[in-house]
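Remarks on the structure that follows.
The values are calculated or read from the model by the stated rules, or taken from the named source; none is laboratory data. On a predicted model such as this, the values are computed, not experimentally measured, just so you know. Backbone-built Cβ (ideal geometry, glycine too); neighbour counts: all protein chains shown.
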Amino acid sequence: MDTSPILYEKHLDIKSWAVEDRPREKLVLNGKKTLSDAELLAILIGSGSRNKTAVQLCKEILNGIDNDLNTLGKRGVKDLMQYKGIGEAKAISIVAALELGRRRQAADIKIRSQITSSRDGFQLLHPLLGDLPHEEFWVLFLNRSNKVIHKERVSAGGVAGTVADVKIIFKKAIQELACSIIIAHNHPSGNLRPSQADIKLTNKMVEAGKFLEIAVLDHLIITDAAYYSFADEGMM
């Protein structure tokens, strides 16, 4: 008889929990998919500031980037520490969690290793290139069945560009016994339009591939949200 009121009070006490604690209970009771992005972030940082709950603080962070998680994935520790209430430990937790998500996406795509379209290539490379603040040049090396036998970064540069060496790329293709390759690089600016340098390099790669009997199937330009395919656009 004495225990019933106590249990009843504990049940009602959930409603009086601080807002920053509710996402944990919501996740346990209703599942992770019921939580908003702000609530998931609030679980990561654990607590808010003196004047804001964890959820309110995370909403502020997301509002500052137009609620774009891809943009958040590009933020570093120092960027996040600009928000009042986000110290180094909380910033590190957010950066680490987003990096794990990126790596998970990359790991999941390994199952779909056969390239049948430009989108397959994009999905394979986007986790590696999509949110980088600088340009990188990658190559997919394929066998006769268009299955990826190896992928490799061949160069990295600055915000405005990177340089790819045709000789090094085809040397690696020969070493890997590749029958074909797909080349790709990212545009951190988000601009999908190929530059004259991109077009010139593509033509050079295609001609070299013909001589070596290693087909260049496509050249992809990747941004954080989309891609441009030279093959799809009839530029090969």
**Asked** What do you reckon, is HIS126 surrounded by fewer than 20 Cβ atoms within 10 Å (Cβ to Cβ) and within 23 Å of the chain's Cα centre (by Cα)?
**Response** no
**Message:** For segment 65-104, which positions are in contact (Cβ under 8 Å) with a residue 12 or more places away in the chain, in a loop (DSSP other than H, G, I, E, B) and surrounded by 14 or more Cβ atoms within 10 Å (Cβ to Cβ)?
**Reply:** ASN67, GLY73, LYS74, ARG75, TYR83, GLY85, ILE86
**Request:** Go through (1) without any contact (Cβ under 8 Å) to a residue 24 or more places away in the chain; (2) surrounded by fewer than 12 Cβ atoms within 10 Å (Cβ to Cβ); (3) within 20 Å of the chain's Cα centre (by Cα) one by one and return the number of the condition GLY190 breaks.
**Result:** (1)
**Message:** When you check ASP131 against the structure, is it acidic (Asp, Glu), in contact with a Gly (Cβ under 7 Å, 6 or more places away or on another chain) and modelled with pLDDT under 95, yes or no?
**Reply:** yes
**Message:** Anything in segment 142-175 that is assigned to a strand (DSSP E or B), hydrophobic (A, V, I, L, M, F, W, C) and at pLDDT below 95? List them, or say none.
**Reply:** VAL148, ILE149, VAL154, ALA156
**Asked** Can you tell me which residues in segment 193-236 are of a type in the set (D, E, K, R), closer than 21 Å to VAL148 by Cβ and either buried (at least 17 other Cβ atoms within 10 Å of the Cβ) or touching a residue at least 60 places away in the same chain (Cβ under 8 Å) (or both)?
**Response** ASP218, ASP232
**Fill in**
Just one listed residue, out of ALA225, ALA178, ALA208, is part of a loop (DSSP other than H, G, I, E, B), modelled with pLDDT of 95 or more and either of a type in the set (Ser, Thr, Tyr) or not assigned by TED's automatic domain parsing to the domain that holds ARG75 (or both), and it is ALA178
**Message:** Can you tell me which condition ASP108 does not meet? The list is (1) at pLDDT 85 or above; (2) over 20 Å from SER49 (Cβ atoms); (3) acidic (Asp, Glu), and all the others hold.
**Reply:** (1)
